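Worksheet for the structure shown next.
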Amino acid sequence: MEWLNFEGKTVLVVGGSSGIGNGIAHGFRDLGADVHVWGTRASAEDYAGEEGSEMTGLTYSQVDASDDTAVADAPVGFDKLDVLVLSQGLVLYRRQEFSIEGFRKVVDVNLNSVMACCARFHEMLKATGGSVTVVSSVAAFAATIGNPAYNASKTGTLGLVRTLAQAWARDGIRVNGLAPGLVDTKMTKITTANPERLAERLKGIPAGRLGTPEDMAGVALFLASPMAAYVTGHTIAVDGGRTL
């Protein structure tokens with residue numbers, strides 16, 4: 001059996017226009033999948049030249065996943081769906097998440113939109129016996145200084161993964177998650193672009209290096225493959241040992 005062959009499969013990566021989501025989208029594309037991406041900008045060209053945003057070979061659509069109506073009404077350019085990857089994410093720094101406005105904004109993107117997307121595509125995934133992978137964070141496993149909404153929303157996805165996995169197993173849908181550690185993307189530049197802060201963080205990572213979007217893609221591919229046919233309801237830490 002070709003365990004990692006996605007030819008003939010249709011994949012949607014929400015938040016696949018940059019960072020971890022973009023790395024995952026290209027991982028599926030490189031293995032033969034027809035990959036669709038949702039992002040917030042008007043067109044794929046709006047990401048041109050931006051680090052971590054390579055749109056070649058991906059079919060792009062603008063959809064604000066934090067808007068329930070937009071998710072429910074968004075036209076899709078595919079008639080079947082085998083894999084749904086939910087990699088949308090937002091973090092607000094400088095204590096903005098301690099205001100209810102900031103808190104709600106982050107939770108809407110990181111948690112509520114995950115449920116909205118799952119609900120939108122439940123029937124299509126049921127028809128194919130498909131899978132869902134939710135990108136969480138190791139922030140879900142411990143307190144995070146200064147980011148209560150990010151922490152609460154990522155912790156919420158752990159429970160959502162478990163509960164949807166149990167509810168949808170009878171529909172033939174597997175639901176899992178992956179929890180990245182410190183990955184070098186534009187969202188983490190506040191740390192990775194600061195030599196002193198980065199050096200301190202690296203001390204706490206047994207693997208001795210930052211994660212990459214490709215590291216995350218490897219786990220996402222596994223979770224969507226026949227190799228993980230008996231895995232559902234779990235969130236895998238992909239962190240170089242940071243949580244040990």
Problem - Charge sum, other residues only, whose C-beta stays under 15 Å from residue 194's C-beta, Lys/Arg counted +1 and Asp/Glu -1 - result: +3
Practice task
Can you tell me the 0 to 90 degree angle between the C-alpha axis of helix 19-30 and the longest principal axis of the chain, rounded to 10?
Solution key: 30 degrees
Problem - Computed over the chain: relative contact order in percent, which uses C-alpha pairs under 8 Å that are six or more apart - result: 21 percent
Practice task
Check cross-link reach from residue 9 to the lysines: straight Cα distance under 18 Å, and skip same-chain residues fewer than eight apart.
Solution key: 80, 126
Problem - Contour minus Cα-Cα distance for residue 167 and residue 98 (0.36 nm per residue) - result: 21.5 nm
Problem - Sequence-separation-based contact order of the range 150-244, relative, with Cα cut under 8 Å and 6+ spacing, percent - result: 42 percent
Practice task
Determine Rg/Rh for the range 10-101; Rg is computed over alpha-carbon atoms and Rh is the Kirkwood hydrodynamic estimate from the same atoms.
Solution key: 1.00
Handout entry: Over the chain: helical MRE at 222 nm, DSSP H runs n ≥ 4 each giving -39500 (n - 2.57), nearest 500
Key = -11000 deg cm²/dmol
Problem - the range 86-194: relative contact order as a whole-number percent, Cα under 8 Å and 6+ apart - result: 32 percent
Exercise for the section: Net charge near residue 49: determine it from the other residues with C-beta under 14 Å of the C-beta of residue 49, scoring Lys and Arg +1 and Asp and Glu -1. Expected result: -3
Problem - At 1.002 mPa s and 20 °C, Stokes D of the chain from Kirkwood alpha-carbon radius, µm² per second - result: 119 µm²/s
Exercise for the section: With springs connecting C-alpha atoms under 10 Å apart, model the chain as a Gaussian network and identify which of 44, 72, 224 has the largest mean-square fluctuation. Expected result: 72
Handout entry: Net charge, residue 117 excluded, C-beta distance under 12 Å - Lys, Arg +1, Asp, Glu -1
Key = -2
Problem - For peptides 153-166, 191-204, sequence by mean Cβ density within 10 Å, most packed first - result: 153-166, 191-204
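Values in this text are rule-based calculations from the coordinates and carry no lab data. Since the model is a prediction, treat every value here as computed from it, not as a measurement. Glycine also receives a Cβ, built like all others from the backbone with ideal geometry; neighbour counts cover every protein chain displayed.
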